[in-house]
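Here is the structure we will look at, set down as structure tokens.
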Amino acid sequence: MDKSQNPRTFYPSTQILLGIIAVGFLMYIGQEIIIPLIFGLIIAILLNPLVKKLDNKGVNRTVAILLAVTLAFLCTAGLVYFIGSQASMFAEAMPQLKQKLTTLLNDVIQWVSLNFNVSTRRINEWLLKQQNEGLSHTPEVIGQTLTTLTGVLVMIFLIPIYIFLFLFYKPLLLEFISMQFSEAKHHTVAEVLAESKTMIQSYLVGLLTQAGIVAILLSIALLILGIDYALLLGVIGALLNIIPYVGVFVATILPMLIALATKEPIYALYVFIAYTIVQFIDNNFIVPRIVASKVQVNALISVIAVLIGGTLWGVPGMFLSLPITAILKVIFDRVEPLKPIGFLIGDTMPPIGKNFFKARKKKV
């Protein structure tokens, strides 16, 4: 029998598919445990060079780890404090913004009524219906919000502990991984670990650099336009921009609404143009030189990974989707049966016009 017709040849593919489904299910139901672990592991890998440098200078390893974790915590706390202080100022102006947005909405209703021959009464009835439907889901939304806030607080306390433990037990974890493979495969496993570590460190440093540059550019653009809360909007826009291909659209909506509420409607268009220019600079100059060279994942797979990550884990999944996909590519490229999947994830484009399917002559 021809091997291609042997049903057993399909078993590995079926096993891989079932394995992916099982892993996806476990990742979904265990997200409260897995997400802090992955964040802790990634940040631990980022801090590892600092710990090694302090260790080489004679600092006690435990003290070195504590110093690195404390430094990361202080940097994060500083960013949270800045956003919180700016957000409190934004909250104080909410009544005024709400009033202006209500006035703007009434103007839009009048315009729609005049240009599309629809009575304002019907428009208001439709808006009231949508509002009532939204209010009917309020308890559910509040419950989800409280659950999310609880999860965030748990992560804030768990992640520093995980970072410390990952760094402290690094030799134990590496020894455990080595015990899972024969000595003949140790070289390949060491290559995968080293490449994954280098990729994560370079990618995160590049990502933070990109976020800083984008935050500065957006803040300057909004300050020039005279948009209120320019610094806060610039930082939020830079943070959302970290989510590949999706965050930029969300980041543009908020400053446009602020512009509509506080200035002439034309300023919303100015904000859109400013964000488009910054995005053009980011995509064509910042990302290719700072971030894209670290993670070789094509745009199609990136979008799919972001959507899957968002479905499984929400916003944290969107942030984690790209580095996890890049690590999987490193692993797939080293495992012979999975090399085609690694090639599919990558951004190496075959030559146009290549004959991909070569006909084979039948043996007589």
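Please treat every number below as a calculation from the coordinates, not as lab data. Keep in mind the model is a prediction, meaning the values are calculated, not measured. We place every Cβ from the backbone using ideal geometry, glycine too, and count neighbours over all the protein chains shown.
The Cα atoms of segment 258-329 give a gyration tensor whose axes a ≥ b ≥ c have a/c of 1.5 or more with a/b no greater than b/c, which makes the shape oblate.
Once the Cβ-Cβ distance of residue 172 and residue 74 is raised to the sixth power relative to R0 = 25 Å, the FRET efficiency obtained is 0.35. Of the cross-linked pairs 170/339; 57/170; 170/197; 52/185; 53/197, those separated by over 21 Å at the C-alpha level are 170/339; 52/185. In terms of its C-alpha gyration tensor, segment 182-322 comes out prolate, because a/c is 1.5 or above and the ratio a/b outweighs b/c.
For segment 280-290, backbone phi angles converted through the Karplus equation (6.51, -1.76, 1.60; θ = phi - 60°) give residue-by-residue couplings of 4, 4, 5, 6, 9, 10, 7, 4, x, 8, 10 Hz, Gly and Pro being listed as x.
Scalar couplings 3J(HN,Hα) for segment 247-263, obtained by applying the Karplus form with A = 6.51, B = -1.76, C = 1.60 to θ = phi - 60°, are x, 5, 5, 5, 5, 7, 5, 4, x, 5, 5, 4, 5, 5, 7, 10, 9 Hz; x denotes Gly and Pro.
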